[in-house]
Amino acid sequence: MDWTTIEERWREYAPAAKQQWAKLSEEQIVRTRGKREYLTKRVQEAYGLSSHEADRQISDWQSRQVERLR
(Lines give C-alpha, C1' and ligand atoms only; values in the text may rest on other atoms or scores of the structure.)
Protein backbone atom coordinates (compact mmCIF):
# COMPACT_ATOMS: atom_id res chain seq x y z
CA MET A 1 0.00 0.00 0.00
CA ASP A 2 1.27 3.44 -0.78
CA TRP A 3 0.89 6.47 1.43
CA THR A 4 -1.95 7.85 -0.72
CA THR A 5 -4.25 5.16 0.65
CA ILE A 6 -3.42 6.11 4.23
CA GLU A 7 -3.95 9.78 3.44
CA GLU A 8 -7.29 9.15 1.75
CA ARG A 9 -8.49 6.93 4.62
CA TRP A 10 -6.80 8.85 7.44
CA ARG A 11 -9.83 8.66 9.75
CA GLU A 12 -9.44 4.89 9.76
CA TYR A 13 -5.69 5.02 10.40
CA ALA A 14 -5.63 7.90 12.90
CA PRO A 15 -6.39 5.71 15.96
CA ALA A 16 -3.46 3.43 15.12
CA ALA A 17 -1.22 6.47 14.66
CA LYS A 18 -2.33 7.84 18.03
CA GLN A 19 -1.57 4.49 19.64
CA GLN A 20 1.89 4.43 18.03
CA TRP A 21 2.78 8.02 18.94
CA ALA A 22 0.95 8.64 22.20
CA LYS A 23 2.84 11.88 22.87
CA LEU A 24 0.95 13.48 19.98
CA SER A 25 -2.31 15.09 20.98
CA GLU A 26 -5.60 14.04 19.43
CA GLU A 27 -5.67 17.44 17.71
CA GLN A 28 -2.21 16.91 16.20
CA ILE A 29 -3.29 13.53 14.84
CA VAL A 30 -6.49 14.95 13.35
CA ARG A 31 -4.73 17.98 11.87
CA THR A 32 -2.25 15.68 10.15
CA ARG A 33 -5.03 14.71 7.71
CA GLY A 34 -2.77 11.92 6.56
CA LYS A 35 -0.03 14.25 5.32
CA ARG A 36 3.18 12.31 5.82
CA GLU A 37 5.39 15.41 5.97
CA TYR A 38 3.27 16.92 8.74
CA LEU A 39 3.23 13.64 10.69
CA THR A 40 7.01 13.32 10.33
CA LYS A 41 7.52 16.83 11.67
CA ARG A 42 5.19 16.25 14.65
CA VAL A 43 6.80 12.90 15.54
CA GLN A 44 10.25 14.44 15.22
CA GLU A 45 9.34 17.32 17.56
CA ALA A 46 7.45 15.25 20.14
CA TYR A 47 10.10 12.56 20.47
CA GLY A 48 13.26 14.56 19.81
CA LEU A 49 14.19 12.47 16.76
CA SER A 50 16.09 13.28 13.61
CA SER A 51 13.95 13.62 10.52
CA HIS A 52 15.50 10.39 9.23
CA GLU A 53 14.55 8.46 12.39
CA ALA A 54 11.01 9.90 12.43
CA ASP A 55 10.59 8.91 8.78
CA ARG A 56 11.90 5.41 9.53
CA GLN A 57 9.36 5.00 12.33
CA ILE A 58 6.56 6.13 10.05
CA SER A 59 7.68 3.71 7.33
CA ASP A 60 7.70 0.87 9.87
CA TRP A 61 4.23 1.88 11.07
CA GLN A 62 3.01 2.07 7.46
CA SER A 63 4.22 -1.46 6.74
CA ARG A 64 2.31 -2.78 9.76
CA GLN A 65 -0.87 -1.12 8.50
CA VAL A 66 -0.55 -3.11 5.26
CA GLU A 67 -0.39 -6.31 7.29
CA ARG A 68 -3.42 -5.26 9.32
CA LEU A 69 -5.54 -4.90 6.17
CA ARG A 70 -4.75 -8.36 4.80
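Please list, in order, the residues from region 35-68 whose amide nitrogen is less than 20 Å from a point placed 7 Å along the Cα→Cβ vector of GLU12. Only 35-36, 59-68 fall inside the zone, counting backbone N under 20 Å. On full extension of the chain, what length is gained from THR5 through HIS52, given 0.36 nm per residue of separation minus the C-alpha to C-alpha distance? Extending this stretch completely gives an extra 14.7 nm.
When the dipole is taken about the Cα centre of region 1-68, and only Lys, Arg (+1) and Asp, Glu (-1) are charged at their Cβ, what size is it in debye, to the nearest 20? The partial results should precede the final answer.
Details: 13 positive and 12 negative charges, 33 e Å.
So the dipole magnitude of region 1-68 works out to roughly 160 debye.
As a size descriptor, the averaged projected area of the C-alpha convex hull of the chain was calculated at 4.0 nm².
For the full complex of protein chains and a 1.4 angstrom probe, list ARG11, ARG36 by accessible area with the highest value first.
Reading off the accessible areas and sorting them downward yields ARG11, ARG36.
A 1.4 Å probe, protein heavy atoms only, puts the accessible area of THR5 near 40 Å². Mean residue ellipticity at 222 nm, helices only, the chain: -24000 deg cm²/dmol; runs of at least 4 DSSP H residues each add -39,500 (n - 2.57), and the sum is divided by the number of residues.
The values are calculated or read from the model by the stated rules, or taken from the named source; none is laboratory data. Predicted model, so just to flag it, every value in this text is computed and none were measured. Backbone-built Cβ (ideal geometry, glycine too); neighbour counts: all protein chains shown. SASA here: full protein model, heavy atoms, side chains in, ligands and nucleic acids out. Shrake-Rupley method; radii C 1.70, N 1.55, O 1.52, S 1.80 Å.
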